[in-house]
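In what follows, a structure is listed as structure tokens, so that the remarks can point back to it.
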Amino acid sequence: MPQETDQKATQMLDASASGISRAAQLLRQGDLVSFPTETVYGLGADARRGDAVAAIYAAKGRPSFNPLIAHVASVEAAKRHVIWNPWAETLARAFWPGPLTLVLPLAPGHGISELVTAGLDTLAVRVPAHPTAQKLLAALDGPVAAPSANPSGRISPTTAQHVMAGLAGRIAAVVADGACGVGVESTIVGLTGEAPVLLRPGGLAAEEIEAVLGQPLATRDLHDPLTAPGQLLSHYAPQERVRLNATSARAGECYLGFGRYSGARACDLSLSTRGDLVEAAANLFGHLHHLDAQGQPIAVAPIPETGLGAAINDRLRRAAAPRDEPSPTPSK
């Protein structure tokens, strides 16, 4: 399992067949690899592995578990993970591969880690146009979750040197292949409601999208009760009350433990009995879903505010927060 603060030499790989093969091997074993797209350099992890996706947050110092974009090699690959619709078909034919991300409902048996979706029933998905990204996705034969490859809050990287300046020693490798052509993140369009919605402007102009659709894109009011990634402060709010920093469960509560606070009853779960924050992050959304299904209030053990613990605590506070406040859109 990737370690949260694992400091190691970051390999600089070229875009040759051997470099791509090595990058795919690292992704398969749960390591982080930065790679170029036409927008910016992404920080990639196998989107099916919760431990690997958790390591993205650790490497970036990302303050909260926002939804991530899953990068796939083709429309056919996207359809393995999302429920397709006519709008998606129209936009994919016009703009994929390219700097456009579509938000669609998750398909049954999608296999995507809940850390990628932030516990939602939708997925942000994109087919990048960069030849090296395409080769890497084909070599992996799977989805890659990839926000921009920079420390959280820093300028997005458009060269391998930018990535190394911010993340050297915190990720396994960078596939270097020149500067990114677009240089800004992808445009995000939500396709889960009654009309296509512009969720984030980016490298593809909204006017071009509207021309292809033959209709204007809807704009989201911050108070609209939408369900696409990144639109609500509380991305996934359990139906029952959540009580934080609890050292034990009260009568009628299920207990979500951590480390020495792990509970012992049938409905109890532990994010990590050994106190591993990467393991805890990987388990977070799945355990919340499981406990919510029990129909009882959830008491949550204290989680350290260090490293990934800050993001876990941020997410738990959101789970207990009012559900009508906005939060950022998916990254990259």
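The values are calculated or read from the model by the stated rules, or taken from the named source; none is laboratory data. Treat the numbers as computed from the prediction; the structure is a model and nothing was measured. Virtual Cβ from ideal backbone geometry, glycine too; neighbours counted across all protein chains shown. Keep in mind that these areas ignore ligands, DNA and RNA; they rest on the heavy atoms of the full protein, side chains included. Shrake-Rupley method; radii C 1.70, N 1.55, O 1.52, S 1.80 Å.
Here are a few things to note about the model shown:
- Lysine pair number, Cα distance threshold 25 Å (strictly under), the chain, separation 8 or more or different chains: 6
- Net charge of Cβ neighbours under 11 Å - reference Leu256; Lys, Arg +1; Asp, Glu -1: -2
- Given charges at Cβ of Lys, Arg, Asp, Glu: the chain dipole, positive-most of Ser186, Asn85, Ile20: Ile20
- Cα gyration tensor category, rounded, prolate or oblate, for the range 1-88 with a/c compared to 1.5: oblate
- Local net charge near Val212, Cβ-Cβ under 15 Å (Lys/Arg +1, Asp/Glu -1): -3
- Evaluating 6.51 cos²θ - 1.76 cosθ + 1.60 at θ = phi - 60° for every residue in the range 34-39, the Karplus couplings come out as 8, 8, x, 10, 5, 8 Hz, glycine and proline recorded as x.
- Less than 5 angstrom separates the built amide H of Ala118 from those of Leu68, all sequence-distant by 5 or more or on a different chain.
- Rounded, prolate or oblate (a/c below 1.5 giving rounded, otherwise prolate when a/b exceeds b/c) for the range 65-152 by Cα gyration tensor: rounded
- Karplus 3J(HN,Hα) series, Hz, for the range 178-190 with 6.51 cos²θ - 1.76 cosθ + 1.60 (x for Gly, Pro): x, 8, 6, x, 7, x, 10, 5, 5, 6, 10, 10, x
- Surface exposure of the chain, expressed per residue as accessible area with a 1.4 Å probe, stands at 38 Å².
- 5 angstrom amide H check on Leu13, placed H, neighbours 5+ away: Val174, Val175, Ala176
- Sorted largest first by accessible area at a 1.4 angstrom probe radius, with every protein chain in place, the residues Val212, Val116 fall in the order Val212, Val116.
- Electrostatic bookkeeping for Gln11 treats Lys and Arg as +1 and Asp and Glu as -1; over the other residues with beta carbon under 13 Å from its beta carbon, the sum is +1.
- Rough spin-label spacing in nm, given labels placed 7 Å along Cα→Cβ, for Ala205 and Arg317: 4.1 nm
- If R0 equals 22 Å, the separation of the Cβ atoms of Val212 and Asp121 corresponds to a calculated FRET efficiency of about 0.25.
- When you restrict to C-alpha pairs under 8 Å that are six or more residues apart and normalise by the size of the chain, the relative contact order lands at 24 percent.
- Taking every DSSP beta bridge that has both ends in the chain, the antiparallel portion is near 45%.
- Taking a ≥ b ≥ c as the square roots of the eigenvalues of the alpha-carbon gyration tensor, the chain is classed oblate because a/c is 1.5 or more while a/b is no larger than b/c.
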